[in-house]
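Here the structure comes first, spelled out in structure tokens, and everything after it is commentary.
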Number of protein chains: 2
Amino acid sequence: MADKAQIQAAIKVQGEVVRKLKAEKANKEQIDEEVAKLLELKAQLGGDEGKHQFVLKTAKGTRDYNPKQMAIREKVFNTIVSCFKRHGAETIDTPVFELKETLTGKYGEDSKLIYDLKDQGGELLSLRYDLTVPFARYLAMNKITNIKRYHIAKDFDIAGQYDPMIPDAECLKIVHEILSELELGDFRIKVNDRRILDGMFAVCGVPDEKFRTICSTVDKLDKMAWEDVKNEMVKDKGLSEEVADQIGNYVSMQGGMDLAERLLQDPKLSQSKQACAGLMDMKQLFSYLELFQVTDKVVFDLSLARGLDYYTGIIYEAVLMQTLPAPTPTSQEQNGAVGEDAGVSVGSVAGGGRYDGLVGMFDPKGKKVPCVGVSIGIERIFSIMEQKAEASAEKVRTTETQVLVASAQKNLLEERLRLTAELWNAGIKAEVMYKKNPKLLSQLQHCEETGIPLVAILGEQELKDGVVKLRTVATREEADVSRAELVNEIKKRTSES
Amino acid sequence: MADKAQIQAAIKVQGEVVRKLKAEKANKEQIDEEVAKLLELKAQLGGDEGKHQFVLKTAKGTRDYNPKQMAIREKVFNTIVSCFKRHGAETIDTPVFELKETLTGKYGEDSKLIYDLKDQGGELLSLRYDLTVPFARYLAMNKITNIKRYHIAKDFDIAGQYDPMIPDAECLKIVHEILSELELGDFRIKVNDRRILDGMFAVCGVPDEKFRTICSTVDKLDKMAWEDVKNEMVKDKGLSEEVADQIGNYVSMQGGMDLAERLLQDPKLSQSKQACAGLMDMKQLFSYLELFQVTDKVVFDLSLARGLDYYTGIIYEAVLMQTLPAPTPTSQEQNGAVGEDAGVSVGSVAGGGRYDGLVGMFDPKGKKVPCVGVSIGIERIFSIMEQKAEASAEKVRTTETQVLVASAQKNLLEERLRLTAELWNAGIKAEVMYKKNPKLLSQLQHCEETGIPLVAILGEQELKDGVVKLRTVATREEADVSRAELVNEIKKRTSES
């Protein structure tokens, strides 16, 4: 460590530098840099002088997860990953940051949300915004044409040229399984198709170059009333009232396979080849969904748009329903076949769709790899689960410890450590208190607080007899168990619970 | 989408802008920005004009993980996390980026390695460099004084005021368990203590303010010869030859509890109170390690320094040994009690130590929370495991699929989908090919390639009889199983293997 007086002198000088720059109104970056140097010096000093300089917070938009939250998170992750594995997916991983140009131009109006890094040795880097674009980059880079993969317990995709709508139906089945298993309450999966949307825009008279931006506006229908959406179309995006009203008529429609059949007969919409292709596939999709027995939750909803640019075919979004007393029906819900009386949605928890063009954007020869995928909104699901856990009386365990090795007498630390190591080596999850002579009461309290079900108590007599007193915390029952039998006895008792 | 001609015109204009800036030798950032705009326009165009603009690579210093690599990774993660859970740890998570000032001044000479982000709404952010500093920030922010936690399958720490060296010994036991279970070959865990190092520097005549920088130089002894390390001390860091040689004498020592006892009698070193405190604790540590039966792999090594500033007590590092033919002994190894003939180390795979001051640096009142922890070098372990897997003949499975639902006849897609959904709903990991009429051979090949052990074959006759032909891929044995028994039969056959 540098001499304290030296550092104090350096702090004085550096303090002057900062004051001077601020007085001169120097640029922010330069001031920040000098302030950082000052803080670094103060930190070196330690002691009282170095205090108070740290803002104890996480970066905006980020948060910590405490053990209880992580236990719930792990449960959510396990459910999702088990489902992905049940469906035969492999897993890959890609870095948290990508070359900026990899992400540029893939998201449309959402691309403002990309975080850029400072120049790192000549490379412009950005934090990834989703896992789909890095996945497409991965496929093109490795010339992979067929894969079913998941990525960090939230993204599942099927890449490859297959018979239509079979992988798409599996994605919806996966959403259905995950949301059912997590017991988040009633839900609906809205489906639509970009080709149907584009066909609808075309027959309503939206100019080609406005398709994507009008799509973004339609996407707001889950948060805004139709009147406001229409307003944005007319005032901000320059559509005529008539065109907007025609769109309004279509986007209020909801149904199932029947709606797809009806729209194939629609005199206007059936003029669009694109829309017809989308509607035929929608029929096919519903026939597979019937085999999978998930049509009770799936709604063909013409108001579903999804903001991202890269979708090319079917799109979907799962929303949780919250049964509220007498909800005011919104225009979208009036024509609904499913979900009419089921309440109002409380936000999207999963979404995805088909993106057949994205991989080709990365391939030097533009070679396409058709893909369909789904992304689970784990953050939203996690906060719902957290709220539920808080509301319920059930205690969430944050460790899996099966037994605490304890003693009631003094001077048995060494014996406790020896037994604990024996248990660890036998694969038992065991804890021991890090004190030479802990009180029995505090050892038992630790078990109560953290939910450890068993205590293995050592004493002079037990050591002499070659036994351990095994206590069940919940019932306070105790029984002597021979040292040789202990591991099996612990396994037996903890597998029962 | 915007009109193609419009975009082409915009590309021309933007191309001119870029050419002009380059001709004017404008600053790099500005040029990059305009180039990005140009690429974005080209990307919008799609088609041939948009090609070749993407560099298909990951950012420097990052990599993708393919399914095979991820399968190995998952095995490593599971082993490590199981060990952490066996030792009763909870888990927490902190964001990938922190306020820059949180990370500033904690690492010493290693702090150059911190990645900064661009200013995000007035906050200066950096990517975390390790998990220890964010953990300390978390403890101070949440006023936590006692916790045993792990973090993303690699960091394990015990925070709290306990009787000396018990948690420290547990950390070493954990390293021993993990490296043994992963079967990476022989290893050694080197231990030392910052107080012993500082005391040694003091009695050798190193000025106080040079302790940390000399520490960093000593830390290079695992990669550099003593002569080069000495050179750095004398030429770059301004020590006299005599002082350097005295250090050289100490850092060549290796041993166990005996060495700690011997050094307590060392006429020079025993003059340092700090060193004596460290040596007493080292003795205590070895007595616990004997109870844990891990002393065969632990070496008290005075050359171990560890670069990071935040350590205050015991430090350790695990290295793998590689038995090479007749290794040239280096100066450090000549005095070694353990490891003399065991070969040479091939790099650190785990490390850690005690950092009693770090949490206090974040606490507004400087309140200290003593901590000791270990970090597993998962990237290095993972690449060793990967090399081993490549060298071995054993095939690594990347999915866990138990059964493929297949058929030999045409027009059975619907029946295949129905059965697959039944199996998914019963928790069976099942796949089905996304083709209307796949050939039986290609279905069987898919099983061979991906290691799926069973095939459930449907045909007209089976459907009539209410059975499924269950085939074991390895033996080609087939047996009719009733539809009602299928789930149990699959579970039975796949639990055996």
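The values are calculated or read from the model by the stated rules, or taken from the named source; none is laboratory data. Keep in mind it's a predicted model, so treat the numbers as computed, not measured. Here the Cβ positions follow ideal geometry from the backbone for every residue, glycine too, while neighbour counts run over all protein chains shown. Surface accessibility is based on the protein's heavy atoms, side chains included, excluding ligands, DNA and RNA. Shrake-Rupley method; radii C 1.70, N 1.55, O 1.52, S 1.80 Å.
Check the straight Cα-Cα distances from A:K268 and name the aspartates and glutamates below 20 Å, setting aside those fewer than 8 residues away within the same chain.
The qualifying aspartates and glutamates are A:D193, A:D198, A:D208, A:E241, A:E242, A:D245, A:D258, A:D281, A:D301.
Rounded to two decimal places and with Rh computed the Kirkwood way over Cα pairs, what is Rg over Rh for chain A? Walk me through the intermediate numbers first.
On the way: Rg = 30.4 Å, Rh = 27.8 Å.
Looking at chain A, the ratio lands at 1.09.
What figure, in Å² to the nearest 10, do you get for the accessible area of A:Y129 with a 1.4 Å probe and non-protein molecules left out?
A:Y129 has an accessible surface of roughly 80 Å² with all protein chains in place.
What does the charge dipole of chain B about its Cα centre add up to, to the nearest 20 debye, if the Cβ of each Lys and Arg holds +1 and the Cβ of each Asp and Glu holds -1?
On the way: 69 positive and 78 negative charges, 297 e Å.
Roughly 1420 debye, rounded to the nearest 20.
What are the lysines whose alpha-carbon lies under 18 Å from the alpha-carbon of B:K491, with same-chain residues fewer than 8 places away excluded?
A:K85, B:K429, B:K469
Non-local amide H neighbours of B:A408 (under 5 Å, H modeled in plane, Pro and chain starts lacking H): which ones?
Hits under the 5 Å cutoff: B:L458.
Give the separation of the Cα centroids, the range A:278-310 to the range B:184-212, in Å.
66 Å
In µm²/s, what is D for the range B:202-335 at 10 °C and 1.306 mPa s, where D = kT/(6 pi eta Rh) by Stokes-Einstein and Rh is the Kirkwood radius from Cα pairs?
Reported coefficient: 99 µm²/s.
Taking B:S482 in one copy and the same position in all the others, each labelled 7 Å out along Cα→Cβ, what are the pairwise distances from the first, in nm, shortest first?
Copy-to-copy label distances at B:S482, shortest first: 4.5 nm.
In the protein assembly as shown, carbon and sulfur make up what percent of the accessible area (probe 1.4 Å)? Could the numbers behind the result be given before it?
Values: 22070 of 43880 Å².
It is 50 percent, rounded to a whole number.
Which of rounded, prolate or oblate describes the range B:403-496 when judged by the alpha-carbon gyration tensor and an a/c cut-off of 1.5?
Details: a/c = 1.34, a/b = 1.09, b/c = 1.24.
It comes out rounded by the Cα gyration axes.
In nm, to one decimal, how far is the B:K12 label point from the B:N249 one, both placed 7 Å along Cα→Cβ?
8.3 nm
Determine the alpha carbon to alpha carbon distance for each of A:K106/B:K154; A:K100/B:K22; A:K464/A:K492 and list only those over 28 Å. Don't skip to the answer; put the middle values down first.
On the way: A:K106/B:K154 34 Å; A:K100/B:K22 20 Å; A:K464/A:K492 25 Å.
From A:K106/B:K154; A:K100/B:K22; A:K464/A:K492, over 28 Å: A:K106/B:K154.
Just the accessible area for A:Y138, please: 1.4 Å probe, Å², rounded to the nearest 10?
That residue has around 10 Å² of solvent-accessible surface.
Using alpha carbons only, how many angstrom separate the centre of the range A:126-176 from the centre of the range A:395-412?
Each part's Cα centre sits 45 Å from the other's.
How far apart, in nm, are two points set 7 Å out from the Cα along the Cα-to-Cβ line at B:K75 and at A:K85?
1.5 nm
Each label point is 7 Å from the Cα along the Cα-to-Cβ direction; what then is the distance between the points at B:K20 and B:K395, in nm?
Going by the 7 Å Cα→Cβ label model, 6.2 nm.
Charges at C-beta only: +1 for Lys and Arg, -1 for Asp and Glu. How large is the resulting dipole of the protein assembly as shown about its Cα centre, in Debye rounded to 20?
Here the protein assembly as shown has a charge dipole of around 640 debye.
Hey, what D do you get for the range A:236-304 in µm²/s if you plug the Kirkwood alpha-carbon radius into Stokes-Einstein at 20 °C and 1.002 mPa s?
On the way: Rh = 13.2 Å.
Roughly 162 µm²/s, to the nearest whole number.
Which is farthest toward the positive dipole end of the protein assembly as shown among B:I384, A:S407, B:N27, measuring Cα position about the Cα centre, with Cβ charges +1 (Lys, Arg) and -1 (Asp, Glu)?
B:N27
Taking each label point as 7 Å beyond Cα in the direction of the beta carbon, state the distances from A:K436 to the same residue in the other copies, shortest first, in nm.
8.2
Could you give the length gained on full extension between B:N488 and B:E33, defined as 0.36 nm per residue of separation minus the Cα-Cα distance, in nm?
Working: separation 455, 0.36 × 455 = 163.80 nm, distance 6.10 nm.
Using 0.36 nm per residue and subtracting the Cα-Cα distance, I get 157.7 nm.
Counting partner chain Cβ atoms within 10 Å of every residue's Cβ in B:422-432, what's the average? Walk me through the intermediate numbers first.
Details: counts 2, 1, 9, 6, 1, 3, 1, 6, 3, 6, 4.
Mean inter-chain Cβ contacts per residue within 10 Å come to 4.
Classify the range A:141-202 as rounded, prolate or oblate, taking a ≥ b ≥ c as the square roots of the eigenvalues of its Cα gyration tensor: rounded when a/c is under 1.5, otherwise prolate if a/b is larger than b/c and oblate if not. It would help to have the intermediate numbers written out before the result.
Values: a/c = 2.22, a/b = 1.07, b/c = 2.07.
Verdict is oblate for the range A:141-202.
Just the Kirkwood number for the range A:58-123, please: inverse of mean 1/r across all distinct Cα pairs, in Å, one decimal.
Numbers: mean 1/r = 0.0634 Å⁻¹.
Kirkwood radius, the range A:58-123: 15.8 Å.
When all alpha-carbon pairs of the range A:187-269 are counted, what percent fall beyond 22 Å? If you can, show how the numbers build up before the last one.
Values: 785 of 3403 pairs.
The answer is 23 percent, as a whole percent.
Is there a simple number for the mean count of other chain Cβ atoms within 10 Å of the Cβ of residues in B:94-106, and what is it? Numbers along the way, then the final one.
Values: counts 5, 7, 5, 8, 4, 8, 4, 9, 6, 0, 7, 12, 2.
Shielding by partners across B:94-106 averages 6.
Using +1 on the beta carbon of Lys and Arg, -1 on that of Asp and Glu, and nothing else charged, what's the dipole of the range B:403-496 about the Cα centre, debye to 20? All intermediate terms of the calculation are to be shown ahead of the outcome.
Working: 15 positive and 15 negative charges, 48 e Å.
Charge dipole of the range B:403-496: 220 debye, to the nearest 20.
How do A:L239, A:L441 stack up against each other in accessible area, from largest to smallest, with a 1.4 angstrom probe?
Values: A:L239 10, A:L441 120 Å².
Largest to smallest exposure gives the sequence A:L441, A:L239.
Setting aside same-chain residues fewer than 8 positions from B:K223, which lysines have a Cα under 17 Å from its Cα?
In chain and number order, the partners are B:K190.
Which whole-number value in Å² is the accessible area per residue of the protein assembly as shown, probe 1.4 Å? Before the final figure, lay out each step's value.
Numbers: 43880 Å² over 994 residues.
Roughly 44 Å² per residue, with all protein chains present.
Counting only the heavy atoms of the protein chains, how much of A:D64 is accessible to a 1.4 Å probe, in Å² to the nearest 10?
20 Å²
To the nearest whole number, what is the average tally of beta carbon atoms from other chains within 10 Å of the beta carbons of peptide A:153-159?
Values: counts 0, 0, 0, 0, 0, 1, 0.
So the per-residue partner count for this stretch is 0.
Near A:K410, within a Cβ-to-Cβ distance under 15 Å, what is the net charge of the other residues, with Lys and Arg +1 and Asp and Glu -1?
Numbers: positive: A:R416, A:K435, A:K436, A:K439; negative: A:E414, A:E415, A:E460, A:E462, B:D163.
Residues near A:K410 contribute -1 overall.
Using +1 at the Cβ of each Lys and Arg and -1 at the Cβ of each Asp and Glu in the range B:119-232, identify which of B:F135, B:I196, B:P207 lies farthest towards the dipole's positive end.
Highest projection toward the positive end goes to B:F135.
Between copies, how far apart are the A:E241 label points? List them in nm, one decimal, shortest first, with each point 7 Å from Cα toward Cβ, please?
For A:E241, the other copies' label points sit at 9.8 nm, shortest first.
Taking every alpha carbon pair in the protein assembly as shown, what does the distance histogram look like in 20 angstrom bins from 0, in percent?
11, 36, 36, 16, 2, 0
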